[in-house]
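Some notes on the structure that comes next.
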Amino acid sequence: MDDLTTNPWGDPSAFLPDAPPASLWDDDKPHEECGVVGIWGSADAAALTALGLHALQHRGQEAAGIVSMEEDGVSHAHKGRGLVGDNFGDAAVIAGLPGRAAVGHNRYATTGETALRNVQPLYADFEFGGFAVAHNGNLTNANTLKRALVRRGCLFQSTTDSEVFVHLIAISLYSNVTDRLIDALKQVQGAYSLVALHNGALIGARDPLGVRPLVLGRLPQGGFVLASETCALDIVGAEFVRDVEPGEIVVIDDSGLKSLKPFAKQQSRFCIFEYIYFARPDSLVEGTPVYETRKRIGAELARESGVAADVIVPVPDSGVPAAMGYAAEAGIPYELGIIRNHYVGRTFIEPTDQIRHLGVKLKHSANRAVIEGRRVVLVDDSIVRGTTSRKIVEMVRAAGATEVHMRISSPPTTHSCFYGIDTPERSKLLAAKHDVAEMARIIGADSLAFISLDGLYRALGRTGRDPASPSYCDACFTGDYAIPLVDQRDNAERPVSLLRAANG
């Protein structure tokens, strides 16, 4: 792309990256790349899994799949592109997934249209029987492992990094399934939470740094649930038991639950963006209500960067709790000055340049009665490319705002994520190329401020960020990558292979 610093100040649009694909016109956000659910010990295992996936729909909308297993080891699967309701809304589909155990997966793909072969859970028949696995996260040495496995004769059927688990288990010399999985996990590097199912047990695992979330719940009838977030437990009526710990493997069978910890204990580095944006507001993250945390983040943002204004307006929906906290701390009225259309999918309109420019209005519209003649503070969770922020500011000005200030409840996103979040390459991140004053000029705001990194940590109950031992994975803000980026180094001078570190 062009060197952004050579463009004239007179045309703010010249500083923005090229327009995103038509399906992402108004979606300038990082994306979570999957949600997982596992059920053990319920006659309605597939139905409960579908309900759990429905609660986790925000973590992936490209495809969904469920594998169920009967007590004799016979497996059944249903996968498809689209939303959970599109794939599992028919009672006949659920009836075709019998068994008292099941695993499910929502997928967000980053490389164009989702191929059916990449839709999880992945399933394979081994000498010990059928095995299904669903994975959230990215393996940062997947390409390196894939090349070694292909040289050994392994035949890959998908382009997802998750298939590496299947082949590592297949070639392991250990005798039982759990030991084979541990053997596989000790060879991979990266971020993962996964649920796996075979005819003897349901297994859950998190990487040693605990970057991606996984929680454990108990069903009223005595069965167990594993899921990416507690909102999936709520929808099936399960009681939250605890988080699966970083580096922990839980094995659930008819005798109960067993915890294994095969990795050396390390400082956990849970993804800090789960608090800011990814997790649903009604979920508990590390035992803390996400909704309350986001309000605290907003309050800290107001203390750090308050500005004279008449009204605080969230950019819905992700900016709502932070805006509430900001307004309460600043003592300024909170109003819904932007209304979101919740029924927007992929547009049927031909994406001409003119229509693409108007695309944001399909999703957001200004509430003139709240905005006109007022100084407005817009509160949002992040700025990635800046495309949507600029259009939102333009829309609010067109509705009659006398001033438009933007406040962001995360620090500037300056680096790409390689651990399970879809972010653009660094050259397309606005904050990687410009300081805050330039960014404000580019998006057209009277002022722009982000929460500081220490302020974010304070809102999460810390005294600040300890550079020597950070409590969270915050690489998207700092470039401090806690897990080695093996594939990125290996591919530094050649194109990345089809098995990208972006298919978790």
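The values are calculated or read from the model by the stated rules, or taken from the named source; none is laboratory data. Note that the structure is a prediction, hence the values are computed from the model and not measured. Because the Cβ atoms are built from the backbone with ideal geometry, glycine has one as well, and the counts that use them run over all protein chains shown. The protein model used for the area step is the full one, side chains on, heavy atoms only, and it has no ligands, DNA or RNA in it. Shrake-Rupley method; radii C 1.70, N 1.55, O 1.52, S 1.80 Å.
With the requirement that a residue be modelled with pLDDT of 70 or more and of a type in the set (S, T, N, Q), what does the stretch 345-403 give you?
Ser365, Asn367, Ser382, Thr387, Thr388, Ser389, Thr402
Before we move on, is Thr178 of a type outside the set (D, E, K, R) and open to solvent by 40 Å² or more (accessible area, probe 1.4 Å)?
No; evaluated as a whole, the condition is false for this residue.
Looking only at residues in the stretch 470-502 that are modelled with pLDDT of 90 or more, among the small types (Gly, Ala, Ser) and part of a loop (DSSP other than H, G, I, E, B), which one is farthest from Ser452 (Cα to Cα)?
Once the filter is applied, the top-ranked residue is Ala482.
Output the residue which, of all residues in the stretch 304-319 that are closer than 15 Å to Ala366 by Cα and free of Cβ contacts under 8 Å to residues at least 60 places away in the same chain, is farthest from the chain's Cα centre (by Cα).
Among those that are closer than 15 Å to Ala366 by Cα and free of Cβ contacts under 8 Å to residues at least 60 places away in the same chain, it is Pro316.
For the condition open to solvent by 10 Å² or more (accessible area, probe 1.4 Å) and not in a loop (DSSP other than H, G, I, E, B), what is the one hit in Val225, Val166, Val188?
That would be Val166, the only listed residue that is open to solvent by 10 Å² or more (accessible area, probe 1.4 Å) and not in a loop (DSSP other than H, G, I, E, B).
Could you grab me the full set of residues in the stretch 249-286 that are of a type in the set (Val, Ile, Thr) and not in a helix (DSSP H, G or I)?
Ile249, Val250, Val251, Ile252, Ile272, Val285
Say we look at the stretch 287-317 and pick out the residues that are part of a strand (DSSP E or B) and closer than 22 Å to Glu229 by Cβ; which of these is least open to solvent (accessible area, probe 1.4 Å)?
So the residue we want is Pro314.
Which members of the stretch 35-80 meet the condition of being of a type in the set (Asp, Glu) and open to solvent by less than 50 Å² (accessible area, probe 1.4 Å)? So that I can check it myself, show each step before the final result.
Initial filter on the stretch 35-80 (of a type in the set (Asp, Glu)): 44, 62, 70-72.
Hit for the stretch 35-80 is Glu62, nothing else.
Among (1) free of Cβ contacts under 8 Å to residues at least 60 places away in the same chain; (2) of a type in the set (D, E, K, R); (3) touching a helix residue (DSSP H, G or I) at 6+ places or on another chain (Cβ under 7 Å); (4) surrounded by 13 or more Cβ atoms within 10 Å (Cβ to Cβ), there is one condition Arg152 misses while meeting the rest; what is its number?
(4)
Determine if the stretch 133-142 includes at least one residue that is open to solvent by 20 Å² or more (accessible area, probe 1.4 Å) and either at pLDDT below 95 or part of a helix (DSSP H, G or I) (or both).
no
Across the stretch 461-488, what is the total count of residues that are within 22 Å of Arg296 (Cα to Cα), of a type outside the set (S, T, N, Q) and open to solvent by 30 Å² or more (accessible area, probe 1.4 Å)?
Residues that pass the stated criteria total 4.
Here are some residues: Ala91, Ala134, Ala170. Which one is free of Cβ contacts under 8 Å to residues at least 60 places away in the same chain and closer than 20 Å to Thr49 by Cβ?
Unique residue meeting the criteria: Ala91.
Exactly one condition in (1) open to solvent by less than 50 Å² (accessible area, probe 1.4 Å); (2) at pLDDT below 95; (3) under 21 Å from Thr423 (Cα atoms) is false for Asn106; which is it?
That leaves (2) as the condition not met.
Considering only the stretch 243-276, state which residues are of a type in the set (S, T, N, Q), in contact with a Ser or Thr (Cβ under 9 Å, 6 or more places away or on another chain) and open to solvent by 50 Å² or more (accessible area, probe 1.4 Å). I'd like the intermediate steps shown before the answer.
Applying the first criterion (of a type in the set (S, T, N, Q)) to the stretch 243-276 yields 255, 259, 266-268.
Still in the list and also in contact with a Ser or Thr (Cβ under 9 Å, 6 or more places away or on another chain): 267-268.
Correct list: Gln267 only.
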